[in-house]
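Asker: Got a structure for you, written out below as structure tokens; questions coming shortly.
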Amino acid sequence: MYNKVGVIGDKDSVTALKVVGAEIFNADTAEEARELVKRLTREKFAVVFITEQLAVQIADTLQKAKSQPFPAIVPIPVSSNSNGFGMDGIKKDVEKALGTDILFNKEDK
Amino acid sequence: MSIMNVNPTRMELKRLQARLKTASRGYKLLKDKTDEMIRKFIILARENKSLRKQVEEQLAAALQSFALARTFSDSRTIDEAVMMPSRAVSLQCGKHSVMGISVPSIEIAESKGEVYPYGFLTVPEQLDNSVNRLNDVFAQMVHLAEVEKTCNMLADEIEKNKRRVNALENIMIPQLQETIKYIKMKLDENERSSTVRLMKVKDMLAQK
């Protein structure tokens, strides 16, 4: 049964999320993160949060996981300046589905 | 458009006509399905966007106050304070169907236990603040995960469906129509030629 929440990221950024009851996994490099994503998929995590910095580096792995219902892998920003990877993901979805981006360009520019 | 490789017979004609009928019905249905999926997708994508914006802001604020707490005390103390969480979060997951695709529905089932996993004596108050905020934002993060996943899968499905609709509209249906036309012409031609042959034979017989 899928019922666990995991967080992948470098130690400094994700320690804080321990207090809400999520399971924390430390990864400093892209390879570690890749391995962790695979492991958490096997171990039936329902939701995996991953820091945007790592998510950018392993975008191809995340892409593969997109079409399965579980786990839901969500990039989160851990510092105040987000690198926009999460927003980009939504944008890409919109482009994929509609052929053109009609939700973003009018508000952002 | 190319013609299929078939024998121009009446039986083949019937078969192709039936296929054309099915194909155009399927095309209509799929097209309607795509339209509805896109409508749903746009609603979801809007929600996804605003939710993500909210979560990103709140999470940044919460983590900032966590970092602040670190500066007020040494990071060993902070690490120690949050090392053993007193809460364990458990999710309630299921699947529900949006336009025939099963997407996950995720909810927080329970997160029990003390909110603060540490004694108040050693840690700065900024940590309390941060923990409160994190707890608030966490529910939204889980909701975001659900919405984002649904969006991903819906986008995937819309893309696939579009391809099917295109294949039917631009290849399958024209091909069937052309072939049916070709068979009809061929059959007519055969009929004409046999009539002419009969007339010719009759003439020859009359001349004798």
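The values are calculated or read from the model by the stated rules, or taken from the named source; none is laboratory data. Predicted model, so just to flag it, every value in this text is computed and none were measured. Cβ: placed from backbone, ideal geometry, glycine included. Neighbour counts: every protein chain shown.
Asker: Could you please give the count of residues in the range B:135-158 that are surrounded by fewer than 24 Cβ atoms within 10 Å (Cβ to Cβ) and basic (K, R)?
Answerer: Matching residues across the range B:135-158 total 0.
Asker: State which residue is modelled with the lowest pLDDT when the search covers only the range A:1-22 and only residues that are at the interface with chain B (Cβ under 9 Å from one of its Cβ atoms) and not in a helix (DSSP H, G or I).
Answerer: Here the residue is A:M1.
Asker: Something else now. Under 6 Å between Cβ atoms, which residue pairs at least 6 apart in sequence (or on different chains) link something in the range A:43-63 that is over 14 Å from A:L17 (Cβ atoms) with a partner that is β-branched (V, I, T) and at pLDDT 80 or above?
Answerer: If the second residue must be β-branched (V, I, T) and at pLDDT 80 or above, the pairs left are A:T61/A:V37; A:L62/A:I73.
Asker: Of the conditions (1) aliphatic (A, V, I, L, M); (2) under 19 Å from B:E159 (Cβ atoms); (3) more than 10 Å from chain B (Cβ to nearest Cβ), A:I50 fails just one. Which one is it?
Answerer: So A:I50 meets the others, but not (2).
Asker: Condition test on B:M99, is it more than 9 Å from every other protein chain (Cβ to nearest Cβ), within 23 Å of A:D93 (Cα to Cα), modelled with pLDDT of 75 or more and in contact with a helix residue (DSSP H, G or I) (Cβ under 8 Å, 6 or more places away or on another chain)?
Answerer: yes
Asker: Another one. Among the residues that make up the range A:30-53, is at least one of them assigned to a strand (DSSP E or B), under 19 Å from B:R52 (Cα atoms) and either modelled with pLDDT under 80 or touching a Cys at 6+ places or on another chain (Cβ under 7 Å) (or both)?
Answerer: yes
Asker: Which of the residues that make up the range B:25-80 are of a type in the set (S, T, Y) and in a helix (DSSP H, G or I)?
Answerer: B:Y27, B:T34, B:S50, B:S65, B:T71, B:S75, B:T77
Asker: Where residues in the range B:61-90 are at the interface with chain A (Cβ under 7 Å from one of its Cβ atoms) and surrounded by fewer than 18 Cβ atoms within 10 Å (Cβ to Cβ), which of them is modelled with the highest pLDDT?
Answerer: The qualifying residue modelled with the highest pLDDT is B:Q64.
Asker: If A:Q63 meets every condition in (1) surrounded by fewer than 23 Cβ atoms within 10 Å (Cβ to Cβ); (2) in a strand (DSSP E or B) apart from one, which number is that one?
Answerer: A:Q63 satisfies every listed condition except (2).
For every residue, the table says whether it meets (1) more than 9 Å from chain A (Cβ to nearest Cβ); (2) in a loop (DSSP other than H, G, I, E, B); (3) without any contact (Cβ under 8 Å) to a residue 40 or more places away in the chain; (4) touching a Cys at 6+ places or on another chain (Cβ under 9 Å).
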site	(1), (2), (3), (4)
B:V123	yes, yes, no, no
B:N129	yes, no, no, no
B:D136	yes, no, no, no
B:V142	no, no, no, no
B:A145	no, no, yes, no
B:L154	no, no, no, no
B:E157	no, no, no, no
B:K162	no, no, no, no
B:N166	yes, no, yes, no
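Asker: Further, regarding this structure: Do you know which of the residues in the range B:23-52 that are of a type in the set (K, R) and more than 8 Å from chain A (Cβ to nearest Cβ) is farthest from the chain's Cα centre (by Cα)?
Answerer: Ranking the qualifying residues of the range B:23-52, first place goes to B:R25.
Asker: Could you list, in sequence order, the residues of the range B:4-23 that are of a type in the set (A, V, I, L, M) and surrounded by fewer than 13 Cβ atoms within 10 Å (Cβ to Cβ)?
Answerer: Scanning the range B:4-23 gives B:M11, B:A18.
Asker: Specify the residue that is surrounded by the fewest Cβ atoms within 10 Å (Cβ to Cβ); the eligible residues are those in the range B:24-48 that are polar (S, T, N, Q) and under 30 Å from B:V147 (Cβ atoms).
Answerer: By that ranking, first place goes to B:T34.
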